[in-house]
1. How many residues, within the range 147-158, are closer than 26 Å to residue 123 by Cβ and without any contact (Cβ under 8 Å) to a residue 24 or more places away in the chain?
2. On the given criteria, is residue 27 surrounded by fewer than 17 Cβ atoms within 10 Å (Cβ to Cβ), within 23 Å of residue 146 (Cα to Cα) and out of contact with any strand residue (DSSP E or B) (no Cβ under 8 Å at 6 or more places or on another chain)?
3. Could you tell me whether residue 42 is surrounded by fewer than 16 Cβ atoms within 10 Å (Cβ to Cβ) and not assigned by TED's automatic domain parsing to the domain that holds residue 132?
4. Does the range 53-79 hold any residues that are farther than 17 Å from residue 26 by Cα, in contact with a helix residue (DSSP H, G or I) (Cβ under 9 Å, 6 or more places away or on another chain) and assigned to a loop (DSSP other than H, G, I, E, B), and which are they?
5. Among the numbered criteria (1) assigned to a helix (DSSP H, G or I); (2) modelled with pLDDT under 90; (3) within 21 Å of the chain's Cα centre (by Cα), which one does residue 13 miss?
6. Checking the structure you have, find out if any residue of the range 113-133 is surrounded by 12 or more Cβ atoms within 10 Å (Cβ to Cβ), under 20 Å from residue 50 (Cβ atoms), within 17 Å of the chain's Cα centre (by Cα) and at pLDDT 85 or above.
7. I'd like to check something: does the range 169-177 contain any residue that is part of a helix (DSSP H, G or I), under 14 Å from the mean Cα position of the chain (by Cα) and touching a residue at least 40 places away in the same chain (Cβ under 8 Å)?
């Protein structure tokens, strides 16, 4: 099966083409889920966020709205808005210790040290502002480019660079304090 371009996929999704909707879900669901999991730290809430993100897209398409371009950014922005609303309603949960922030090391001798470092990073990330946390996760964990983050967060690229700079400086300070 040939994959559609994002624009073609979006065009077909507007017509509620079942194959296009399935491809859209298959293409973006895992990314949305893991993005939400990293920000929420809870598998159940990440699943709910992912489901609500796609439900929001379908409602928008049904009403003649939704993205006109950059479907990926639209979906991540919807997920971010859901997460923001969730945090407004409840106190944030701790990040799930089973979620790897780094690629696992295959050397068992390094595994314990890696687990300690990951826990320190999780704690430090929780102390960032929500916007800084989002930029760090999208940039360094999800591997997004700055311009993609800017589109998703609807901010100028300069603002994204500033958020990234402040977040990295804060993380550096927090993590270096742990080693002193």
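1. Taking the range 147-158 as the starting set, the residues that turn out to be closer than 26 Å to residue 123 by Cβ are 149, 152-153.
Within this subset, residues satisfying the condition of being without any contact (Cβ under 8 Å) to a residue 24 or more places away in the chain are 149.
Matching residues across the range 147-158 total 1.
2. On the way: surrounded by fewer than 17 Cβ atoms within 10 Å (Cβ to Cβ): yes; within 23 Å of residue 146 (Cα to Cα): yes; out of contact with any strand residue (DSSP E or B) (no Cβ under 8 Å at 6 or more places or on another chain): yes.
In short, yes.
3. On the way: surrounded by fewer than 16 Cβ atoms within 10 Å (Cβ to Cβ): no; not assigned by TED's automatic domain parsing to the domain that holds residue 132: yes.
The answer is no for residue 42.
4. If the condition is that a residue be farther than 17 Å from residue 26 by Cα, in contact with a helix residue (DSSP H, G or I) (Cβ under 9 Å, 6 or more places away or on another chain) and assigned to a loop (DSSP other than H, G, I, E, B), then 64, 65, 66, 67, 68, 69 are the ones that fit.
5. (3)
6. Checked against the condition, which is being surrounded by 12 or more Cβ atoms within 10 Å (Cβ to Cβ), under 20 Å from residue 50 (Cβ atoms), within 17 Å of the chain's Cα centre (by Cα) and at pLDDT 85 or above, the range 113-133 yields at least one hit.
7. Checking the range 169-177: not a single residue is part of a helix (DSSP H, G or I), under 14 Å from the mean Cα position of the chain (by Cα) and touching a residue at least 40 places away in the same chain (Cβ under 8 Å).
The values are calculated or read from the model by the stated rules, or taken from the named source; none is laboratory data. Just so we're clear, the structure is a prediction, and the values are computed from it rather than from any experiment. Ideal geometry is used to build each Cβ from the backbone, glycine not excepted, and the neighbour counts take in all protein chains shown.
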